[in-house]
Amino acid sequence: MSSAIVVSMAAFALAASLSPGPVNLVALSTGLSYGFRHSLRHVGGATCGFTLLLLSIGGALQPVLDWPPAMIAIRWGGVLFLLYMSVGLALDDGHLRVRGPRRASFRRGALMQWLNPKAWMASAAGTGAYTTAGSAGSVALFALIFFVICYLSLASWAALGAWLGRRLPTPRQVRWINRGLALMLLLSASSLAVVPLGDTGQALLR
């Protein structure tokens, strides 16, 4: 495989991982409220969850993308999970903590990627563009590149949150930021809920 393809893979992974999305917003909020070190649980879980999803779509799960009932389940599962996360952020009391709650965990980070339509879109588009059908080697290389870049990108969002947390001295300020993030998650859930699953919806999820 040429170096140009590898660089192109890395550029795609960076664009998909660093751009704002539900998982990144939660990483930012976790870093804000609980510090960078604790937020790495979410970062690690989300990175591993996405990598497993990418490997699965590059292999056995590709037919799922062509089965409308499965895509409907993924979409509404994502909507419900985003609503759940937005309510949690909106109700947060704004107090910075040394130890985080259950939601800042490896398992929840991994689960969020499997319920994140953005992760499905990136995995499907990436494997379709940069891997060869039936080639385990190209899928594995793409997954490795994505793993490193996804981890660093999510860690950057968490570090930004931790930086903000050190500069926001009052719980009231933290509450307002968390409510803003909750609103962004709510808007993501709303936009996902109203997109038809016809030709437009299929295009968005492939």
| Label-point gap, in nm, between L52 and L111 - each point 7 angstrom along Cα→Cβ | 1.2
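Quote the FRET efficiency, to the nearest 0.05, computed for L144 versus R166 with a Förster distance R0 of 30 Å and r equal to the Cβ-Cβ distance. Mind showing how you got there, number by number?
Numbers: r = 33 Å, r/R0 = 1.12.
Working from the Cβ atoms, E equals 0.35.
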| Solvent-accessible ranking of R179, R41, R107, largest area first, probe 1.4 Å | R107, R41, R179
| request: Note the full-extension length gain between L152 and S19 as 0.36 nm times their separation in residues minus their Cα-Cα distance, in nm to one decimal. | output: 46.6 nm
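Want the number for S135 to L80: 0.36 nm per residue separation, take away the alpha-carbon distance, what's left?
Details: separation 55, 0.36 × 55 = 19.80 nm, distance 3.51 nm.
Here the segment from S135 to L80 would lengthen by 16.3 nm.
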| field | the range 128-176: C-alpha gyration tensor shape, a/c 1.5 cut-off, then a/b vs b/c | value | prolate
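The values are calculated or read from the model by the stated rules, or taken from the named source; none is laboratory data. Predicted, not measured: the structure shown is a model, and the values here were computed from it. So basically every Cβ, Gly included, is an ideal-geometry build from the backbone, and we count neighbours across all protein chains shown. Each accessible area value is taken on the protein alone, full model and side chains, heavy atoms only, with ligands, DNA and RNA left out. Shrake-Rupley method; radii C 1.70, N 1.55, O 1.52, S 1.80 Å.
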